[in-house]
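Heads up, the thing below is written out as structure tokens.
Please treat every number below as a calculation from the coordinates, not as lab data. Keep in mind that this is a model prediction, so the values were computed, not measured. Neighbour counts are summed over all protein chains in view; Cβ atoms, including those assigned to glycine, are modelled from backbone coordinates with ideal geometry.
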Amino acid sequence: MVITKDAYCLDGLRFAIKKAKDQQTTVLFSYVQKIDNHDPIAFYHAGRENYKGQCFFWQDPKKEIILAGTGQVTPLSSTGSYDRYIHVEKNWDKLLRQAVSSGESGVIGTGPLLFGGFSFDPEEEKKTLWNDFEDETFAIPCYMLSLIEGQSYLTINRICSPDDNEWHLYKQVENEVEELTDQRKFSVSPSINPLIKQEEIHADAWKTTVASAITNMKHSSLDKVVLARELRLTFENDISPENVLLQLMKEQPDSYIFSLESGDSVFIGATPEKLIKKRKEQVFSDCLAGSIGRGEEEEDRRLGEELLQDRKNLLEHQYVVSMIKDAFDSLCSSVKIPDDGPVLMKNRHIQHLYTPISGVCEEETPVLEFVRRLHPTPAMGGMPKDMAVTKIREWETLERGMYAGPLGWMDAYGNSEFAVGIRSALLKGREASLFAGGGVLEDSTPEKEYKETAIKFNPMLSALGGTMNE
């Protein structure tokens, strides 16, 4: 048991209920307690027993912040035609203004925290693949385990109403926390789940679309468009998100590892790409565009040198650097970019051209204002931005949904981090839809882009595992 008649928790609940009565409204209550080290995957697994479809997981590349959340005290979902970034920001601010917090205070990634993501394109034609997700899918978890630089914290969030009873709420919380933190009951170990079917969705049609896009570029002002495709896997048994996360943590340790559930679907992946990281007034982003495969030592070195000198990939990379710099210039008082050009970022299956960008902004600048200006970068959409997104909407048969959209978290202390939802898959029962995109320029070839997307499927293919039945 983690909490036992904790005075701070009980007094905080009492104060939150009194505030709700006085103002005749609902009030967010948040309590944070430092606890003994706890396995975040076991916590995530335990949460799925009672809150399936309402859980999330996050691990940054340096493992400084690991989050496992379960349950939803209040979801922030679509309400119609509006600016979705403003909608999330306003609702988040409203909740924080009414919030009552107790326990440990000011620790990054603890307390009131909003986790979720945005779809790639809110104007995309909605089909059925992503019907469990809204154009923005965000929520505050009921319970969250945070590992912050190796120290574990438990956050308890509740919406308190005027008629609530603090003892009733406290006992409910105490019982649920005991269940969630019983690591003996919820151990997770890898298991084999045979793959029985693997299907490339409309692969030939995708190549034809790439060829048409190349022709279009020769006669228009479109400089680049990113075209994505789908690989669908069917397994013998339902796919375990916990096992996929374990494999991703093992195989892609230098990436953001994430999982976001909604309904019967799980959006999961290991993305190398930071969109925006904000620590009060300090902001950081990654320019990641241009990629090639990996090889044995000598071949790997040769491939890396080839990437660093490839005109097409360098041009793709420069598009991203220029766009992110412009966004930072519009919101920051100072911006820093290395003078010596891109370097290589090497992941297990892929190596990328990489340039970091940092800046200083007003501490009050909303992180979602950065997200609005950065999404989609030319690495996800193309150039010019609006024209490329329109062409994607027109040409792609794939329903992107959350794929390549911004995904991440915001706490109440001015800290936040969003990554780009690539190297990812949508899990539904026994099926997994994997997504990969290629940047198409005027001098691209359909076959080369096809091979590039095949390489980008590898991280999720490997993590899902299984062996094809004879």
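What relative contact order, as a whole-number percentage, does the stretch 218-277 give when Cα pairs under 8 Å and 6 or more residues apart are counted?
Relative contact order for the stretch 218-277 comes out at 23 percent.
Give me the extension gain from Ile337 to Arg97: residue separation times 0.36 nm, minus the current Cα-Cα distance, reported in nm with one decimal.
Extra length from Ile337 to Arg97 when fully extended: 82.8 nm.
Taking the simple approach of a point 7 Å from Cα along Cα-to-Cβ for both Gln172 and Ala211, what is their distance in nm?
Inter-label distance under the simple model: 6.1 nm.
For the stretch 7-180, with equal point scatterers placed on the C-alpha atoms only and solvent neglected, what are the log10 I(q)/I(0) values from the Debye formula at q = 0.18 1/Å, to two decimals?
Listed by q, the Debye log ratios stand at -1.22.
Enumerate by residue number the GluC sites (Glu not before Pro) in the stretch 261-292 meeting two conditions: DSSP loop (anything except H, G, I, E, B), and at most 15 other Cβ atoms within 10 Å of the site's Cβ.
When the GluC sites (Glu not before Pro) of the stretch 261-292 are filtered for loop state and at most 15 Cβ neighbours within 10 Å, Glu281 remain.
Using Cα positions and a limit of under 20 Å, work out the lysines in reach of Lys94, with same-chain residues fewer than 8 apart set aside.
Candidates past the 8-residue exclusion: Lys18, Lys19, Lys21, Lys280.
Could you let me know the centre-to-centre spacing of the stretch 260-286 and the stretch 430-459, using Cα atoms, in angstrom?
The stretch 260-286 and the stretch 430-459 have Cα centres spaced 21 Å from each other.
Compute the long axis of helix 446-464 from its Cα atoms, compare it with the longest principal axis of the Cα atoms of the chain, and write down the angle in degrees, 0 to 90, nearest 10.
Helix 446-464 and the main axis of the chain meet at about 30 degrees.
Within the stretch 390-428, name every residue whose backbone N is under 12 Å away from a label modeled 7 Å from Cα of His219 along the Cβ vector.
Nothing falls inside the zone, counting backbone N under 12 Å.
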